[in-house]
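**Q** Please find one structure pasted underneath; my questions will follow.
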Amino acid sequence: MAFQLYNLGKVAWMDSQLIYHALAELGREALSLVSPSSPYVCVGFHQDVEQEVDLEYCKSRHLPVFRRDLGGGAVYLDGGQLFFHLVLRKDNPQVLRKKEAFYQKFLQPVVNVYRRIGIRAEYKPINDVIVENRKISGTGVGEIGECVVFVGNLILDFNYDEMARVLKVPDEKFRDKVHKTLRENLTTIRRELGEGAAGWDEQSLNSLMAEEFEKLLGPMELSGKDAALQAKMDEMAPGMASENWLLRKGKKVHGRDVKVREGIHVVHRVHKARGGLIRADFELEGGVFRNVSLTGDFFCYPEEAVGRLEKRLEGEVAGEVHSILEAFYEKERVETPGLGVEDWTQVLKV
C-alpha cells in the first residue's frame, strides 16, 4: 500500500488519539493531520495519572483524560494545537536508529512550515522546535506494534491557564510557578505573528505540513477513514477508554517534576528527615538551579542561613549540589539538628 495521507482536520477528541494507534496496529505507513473538536487531557504511558493530573478538577470541567501508548508527560490538548502523526514501519530505511538523528530529520518539515509562515523556528536537540529559546512544538516518538510512531503539533494557540490547572500540584504557589515558566518558555503562532496569524488557519497550515513531509517521504495518497481503519479504532476504543487502562499504575515519583521543554523543569520535592520535613521548590534551566525555595518544619541556626543557601544555589550546576552543600555548611557554620547535607541532597539532587 502507498504511503497514506489522512488530512482530516477537526475530529472527535478520542479519534485524535485512536487514529495513530490504529494505523500502527494495522501496519499502515501514514501521515495523519488532525485536531480535537473538544479539549481533553492526555497522559504518557509510564505516568501515574492519579499523581500527575487533578482528576477531580477535570471531572468538574467535563474534561476527559486519556492515556496514550507512548511516553512523555501530561498535557492539556485542544483545537488550538494541530497534531501530526507519522507512522513508519520499523524496517523502513527512512527510520534512523539514533533518536536524536530521527528527531532532527523528521522535525525539519515542522521547522520548514514555521519558517514559511514567517516564524524563525529552529531545531533544538533532542526533540524541540524553538523560537528564540521558546518551545513551539511538542513531540514524542515510540513503538506501537511493528511501527515507529512520531507525534507532534503546530501550536496555533495554547491555553496556559488550563494547562497549569489540570496538573496535580502540591500547592498554589507551585502552580503559579508552573504557569509563569510555561508562559516564558512556550510560544504559539498567534503570539509570534500577532495580527498576521489571522492569515493562517488549520486548513492552510495542514496543507503546508503535507507539502513539507512529501518533500522528505515522497508522494502520498490522500485517504479518508476507510472501513478497516474505522473498525480498528472502534475495536481499540473500549480498552483505551477504560478505567483500568487510565488508572494503571505508572512510575511513582517523589514530588513533582514538570517538564516545560527540553532543559526546562519546574520541580517540587519533599523529604522526611530525622529533624523534620523539608521541601524544595526550584526550576532547572539546562541543569542549573533557578528560583530555589527551601521550606519545612525543621530548625536552623542561624535562621537566616536558609535564605543564604537559596541564594548560594542560584545559578549553580545541580549535579554539584552535594559538594556545594558541604562547603556551605562548613563556611557558614550552620546547625540544623537532625538534618544534614545528605537530607538536603535528597530534595535537590537531579
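**Q** Kindly indicate whether any position in the stretch 7-27 is in a loop (DSSP other than H, G, I, E, B), within 18 Å of the chain's Cα centre (by Cα) and closer than 23 Å to Lys249 by Cα.
**A** The answer is no; no qualifying residue exists.
**Q** Could you check how many residues of the stretch 186-217 are of a type in the set (Gly, Ala, Ser), surrounded by fewer than 16 Cβ atoms within 10 Å (Cβ to Cβ) and under 17 Å from Leu33 (Cβ atoms)?
**A** 2
**Q** Check every one of the strands (runs of 3 or more DSSP E) wholly within the stretch 110-150 and list those with 3 or more residues that are within 21 Å of Arg89 (Cα to Cα).
**A** Values: elements: 122-124, 128-131, 134-137, 140-144.
The qualifying strands (runs of 3 or more DSSP E) are 140-144.
**Q** Can you find, within the stretch 275-322, the residue that is farthest from the chain's Cα centre (by Cα) among those that are surrounded by 13 or more Cβ atoms within 10 Å (Cβ to Cβ) and aromatic (Phe, Trp, Tyr)?
**A** Phe299
**Q** So Ser137 passes all but one of these: (1) under 26 Å from Ala280 (Cα atoms); (2) surrounded by 20 or more Cβ atoms within 10 Å (Cβ to Cβ); (3) of a type outside the set (Phe, Trp, Tyr). Which condition number does it fail?
**A** Answer for Ser137: the failing condition is (1).
**Q** Inspect the stretch 244-265 for any residue being modelled with pLDDT of 90 or more and loosely packed, with under 13 Cβ neighbours inside 10 Å and give the result as yes or no.
**A** For the stretch 244-265, residues modelled with pLDDT of 90 or more and loosely packed, with under 13 Cβ neighbours inside 10 Å: present.
**Q** Could you say whether any residue in the stretch 117-126 is touching a strand residue (DSSP E or B) at 6+ places or on another chain (Cβ under 6 Å) and under 18 Å from Leu77 (Cα atoms)?
**A** No, the stretch 117-126 contains no residue that is touching a strand residue (DSSP E or B) at 6+ places or on another chain (Cβ under 6 Å) and under 18 Å from Leu77 (Cα atoms).
**Q** Of all residues in the stretch 159-183, count the ones that are modelled with pLDDT of 95 or more and out of contact with any helix residue (DSSP H, G or I) (no Cβ under 8 Å at 6 or more places or on another chain).
**A** Counting residues in the stretch 159-183 that are modelled with pLDDT of 95 or more and out of contact with any helix residue (DSSP H, G or I) (no Cβ under 8 Å at 6 or more places or on another chain) gives 2.
**Q** I need every pair where a residue in the stretch 123-149 that is without any contact (Cβ under 8 Å) to a residue 24 or more places away in the chain has its Cβ under 6 Å from the Cβ of a residue that is crowded, with 18+ Cβ neighbours inside 10 Å, sequence separation at least 6 or different chains.
**A** Close Cβ pairs satisfying both conditions: Tyr123/Leu107; Tyr123/Val111; Val129/Leu107; Val129/Val110; Val129/Val111; Val129/Ala121; Val129/Ile136; Val129/Ser137.
**Q** Of the numbered conditions (1) assigned to a loop (DSSP other than H, G, I, E, B); (2) among the basic types (Lys, Arg); (3) under 24 Å from Lys259 (Cβ atoms), Lys105 fails exactly one; give the number of that condition.
**A** That leaves (1) as the condition not met.
**Q** Also, quick follow-up: Checking Gln230 against (1) buried (at least 20 other Cβ atoms within 10 Å of the Cβ); (2) part of a helix (DSSP H, G or I); (3) not aromatic (Phe, Trp, Tyr), only one condition comes out false. Which one?
**A** (1)
**Q** Here's something else I'd like to know. May I ask you to verify whether Arg97 is surrounded by fewer than 19 Cβ atoms within 10 Å (Cβ to Cβ), assigned to a loop (DSSP other than H, G, I, E, B) and either at negative phi or touching a His at 6+ places or on another chain (Cβ under 7 Å) (or both)?
**A** yes
**Q** Let me spell it out: the conditions are (1) surrounded by fewer than 21 Cβ atoms within 10 Å (Cβ to Cβ); (2) out of contact with any strand residue (DSSP E or B) (no Cβ under 6 Å at 6 or more places or on another chain), and Ala22 meets all of them except one. Which number is the exception?
**A** Only one criterion is unmet by Ala22, namely (1).
The values are calculated or read from the model by the stated rules, or taken from the named source; none is laboratory data. Fair warning: this is a prediction, and the values are worked out from it, not measured in the lab. Using ideal geometry, Cβ is built from the backbone for each residue, glycine included, and neighbour counts are taken over all protein chains shown.
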